[in-house]
Amino acid sequence: MIAALTTKWNMYVPILAALVLVLGWGRSVPGLILALVSVALVGAVLAAVYHAEVVAHRVGEPYGSLVLAVAVTVIEVALIVTMMISGGDKAASLARDTVFAAVMITCNGIFGLVLLVGALRRRVAVFNAEGTGAALATVATLATLSLVLPTFTTSAPGPEFSPAQLAFAAVASLALYGLFVMVQTVRHPDDFLPVEDGGAVDDSDSHAPSTRAALISLGMLVLALVCVVGLAKVVSPALESAIASAGLPPSAVGVVIAMLVLLPETIAAVNSARRNQVQIGLNLALGSAMASIGLTIPVIAIATIWLSGPLVLGLGATQMVLLALTVVVGTLTIVPGRATLLHSGVHLALFAAFVFLAASP
């Protein structure tokens, strides 16, 4: 009975969240309605996590983590483009801020939480160094091509790409992401599966859902993610006002939006680590970072055809230092294939530094 009620709850919440989104879209939201929107946003996040796990259980790994990462990123890209269209010159750096925030949240925040939960459960979090290392190398390359090089190129003024450079970065990003997906799902899928170390991986939910149930959950997952991103946009004016009132820099808006959008993946990754499936949690973290760059940059490149105003992609000095340190620390964490509480603490400290410096640059 409890399981049936839980299933029904996760079926109804995305529909209710969609109704709230329709009622609140394009309107100035007062305080009481804002509270309702926030509740609907939290419910959509929890529903998205549930349905993502159902789909992942049906299709298996590494396809399951790929489905959630791509679904979240596609809708995140739509949100970025929508806000850039409506924001004008004020949104020139929104894509950069949101994508960089996604990279730092996934590669330090989610990554560190997964290692923390895994290490607390078994003293040492065990994962596949080959697959995780390949994912980190791809993220580092994508981030450098798309977010670091614009700061140093000279064809366009400021930290911007020229049209030809932006086209190259878009094609290279999409090609690298496509190559990684092929390696992850076709050529070397075993490199992205959970590793056993002195005990079996927890697979107490051994009975996979039916195809019909998985398809229903896939539809509910898409609906829930649309609601997460849409409701995040509905509350974004209030967030911008609150951020401005607090004296925080405008770039903090991109950080908050990225946190809201990545919340379903964060919960799903931590749940995987609790089930002794650390590798799945790392797949979600690095796969989300990769998809965020590999899909956002090509779409933004196409959108510049009709978007007016500058497109600032280059990172500042502080951001580049954080990115470089993240890559170095991530490499040292991944190489042994085993991580302790200290490794998780280092990544979480980097995440805390990113959040603090975003609020106080």
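The values are calculated or read from the model by the stated rules, or taken from the named source; none is laboratory data. In this text, all values refer to a predicted model and were calculated from it rather than measured experimentally. Quick reminder, even Gly has a Cβ in these numbers, built from the backbone with ideal geometry, and neighbours come from all protein chains shown. The area values use the complete protein model at the heavy-atom level, side chains included, leaving out ligands, DNA and RNA. Shrake-Rupley method; radii C 1.70, N 1.55, O 1.52, S 1.80 Å.
Rounded, prolate or oblate: which fits segment 76-196, taking a ≥ b ≥ c as square roots of the Cα gyration tensor eigenvalues, rounded meaning a/c under 1.5, else prolate when a/b beats b/c?
Because a/c hits 1.5 or more and a/b exceeds b/c, segment 76-196 counts as prolate.
Largest first and in whole Å, give the semi-axes of segment 128-271's equivalent ellipsoid, each being the square root of 5 times a Cα gyration tensor eigenvalue.
Its equivalent ellipsoid spans semi-axes of 34, 26, 16 Å.
Match the structure shown to one of the listed values (i) 77, 48, 37; (ii) 60, 44, 32; (iii) 56, 47, 36 of Cα extents along the principal axes in Å, computed from it, and give that label.
The calculated read-out lines up with (iii).
Between Ala258, Ala291, Ala35, which gets the highest mean-square fluctuation from a Gaussian network model of the chain, Cα cutoff 10 Å?
Ala35
Using a cut-off of 13 Å between beta-carbons, work out the net charge of the residues near Ile80 (Lys and Arg +1, Asp and Glu -1, Ile80 not included).
Counting the neighbours of Ile80, the net charge comes to 0.
Treat every Asp and Glu Cβ in the chain as -1 and every Lys and Arg Cβ as +1, leave all other atoms uncharged, and give the resulting dipole magnitude about the Cα centre to the nearest 20 debye.
The calculation lands at about 420 debye.
At 1.4 Å probe size, put Thr296, Thr211 in order of accessible surface, largest to smallest.
Result of the area sort, largest leading: Thr211, Thr296.
Loop by DSSP (not H, G, I, E, B), at most 10 other beta-carbon atoms within 10 Å: where is the longest site-free stretch of the chain for chymotrypsin sites (Phe, Trp or Tyr not before Pro)?
153-305
What accessible surface, in Å², does a 1.4 Å probe find on Asp190, ignoring ligands, DNA and RNA and rounding to the nearest 10?
Asp190 has an accessible surface of roughly 110 Å² with all protein chains in place.
When the convex hull of the C-alpha atoms of segment 149-198 is computed, what volume per residue in Å³ does it have?
93
Trypsin sites (Lys or Arg not before Pro), restricted to segment 95-144: which are DSSP loop and have at most 10 other Cβ atoms within 10 Å?
Loop-located and lightly packed - Arg123.
Label segment 246-361 by shape, choosing from rounded, prolate and oblate, from the square roots a ≥ b ≥ c of the eigenvalues of the Cα gyration tensor; if a/c is under 1.5 it is rounded, and otherwise prolate applies when a/b is larger than b/c, oblate when it is not.
prolate
Defining a contact as two alpha carbons under 8 Å apart and six or more residues distant in sequence, what relative contact order in percent does the chain show?
Normalised by residue count, the contact order of the chain is 38 percent.
Under the classification rounded if a/c is under 1.5, otherwise prolate if a/b is larger than b/c and oblate if not, where does segment 318-361 fall, given a ≥ b ≥ c as square roots of the Cα gyration tensor eigenvalues?
The shape class here is oblate.
If we count every other residue with Cβ under 11 angstrom of Ala291's Cβ, Lys/Arg +1 and Asp/Glu -1, where does the sum land?
Residues near Ala291 contribute -2 overall.
Can you list which of the DSSP-assigned H helices in the chain have a Cα extent of 18 Å or more along the long axis and an average Kyte-Doolittle score of at least 1.0?
2-24, 31-59, 63-87, 129-143, 163-182, 211-245, 278-303, 317-334, 341-359
How many Å² of accessible area per residue for the chain, probe 1.4 Å?
Here the residues of the chain average 44 Å² of exposed surface.
Between beta-carbons, use under 15 Å as the cut-off and find the net charge around Gln319, counting Lys and Arg +1, Asp and Glu -1.
Local net charge: 0.
Determine the distance separating the Cα centre of segment 217-293 from the Cα centre of segment 43-76; give it in Å without decimals.
Centre-to-centre distance over Cα atoms comes out at 13 Å.
How would Lys8, Lys233 line up by accessible area, probe 1.4 Å, largest first?
The ordering from most to least exposed comes out as Lys8, Lys233.
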